[in-house]
Amino acid sequence: MANTMTGRILSIGDVESIQGKSGNTFNKRTLVLNCTYSNYCEVYENYPSFEFSGRHIDDLSDFKVGDVVTVSFVIQGNKYKKENQPEKFFNTIAGYKVEYHHRNDSPKSSLQRDSQTTTTAEQKVDDLPF
């Protein structure tokens, strides 16, 4: 099962060129979502950021701030060591797919199904021989 998160696009960063420790340059682009929600009058702010790089860097071109999207991602862990210093570990949340969010079950379709079920149940009652 893939890691996914749904939210409203808060920002789409510009393409950044970064030089790696091997001397190679790679490009990345950052997407920030607003996934804030409330539960029983408590507001829980949540603004995850996802890095898109490599062949996925252009995936963000079709989207704009305010769109509601679902992002598929992986969490990558890295180790960093400098001379005479302890090792440090850090994580990167790397996005590999972004798509418009489509609700699977809207309230309208749920009501339509309920009315169809009721109609079918009423028809069965009407079909009684007495």
Selection within segment 10-63 - of a type in the set (S, T, Y) and touching a residue at least 40 places away in the same chain (Cβ under 8 Å): S11, S49, S53
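What number of residues within segment 64-80 satisfy the criterion of being free of Cβ contacts under 8 Å to residues at least 60 places away in the same chain and either surrounded by 10 or more Cβ atoms within 10 Å (Cβ to Cβ) or closer than 18 Å to T6 by Cα (or both)?
6
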Search result, residues across segment 1-38 that are in contact with a Leu (Cβ under 9 Å, 6 or more places away or on another chain) and basic (K, R): R8, R29
Within 17 Å of the chain's Cα centre (by Cα) and modelled with pLDDT under 95, is that true of D59? yes
Condition (residue is touching a Gly at 6+ places or on another chain (Cβ under 9 Å) and aliphatic (A, V, I, L, M)) applied to segment 74-83: is it met by at least one residue? yes
Which ones in segment 2-31 are of a type in the set (V, I, T) and surrounded by fewer than 16 Cβ atoms within 10 Å (Cβ to Cβ)? T4, T6, V15, I18, T25
Working only within segment 77-115, note down all residues that are modelled with pLDDT under 85 and under 23 Å from L33 (Cβ atoms). H102, R103, N104, D105, S106
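The values are calculated or read from the model by the stated rules, or taken from the named source; none is laboratory data. Quantities reported herein were computed from a predicted structural model and do not represent experimental measurements. Cβ coordinates were reconstructed from backbone atoms using ideal geometry, including for glycine residues, and neighbour counts include every protein chain displayed.
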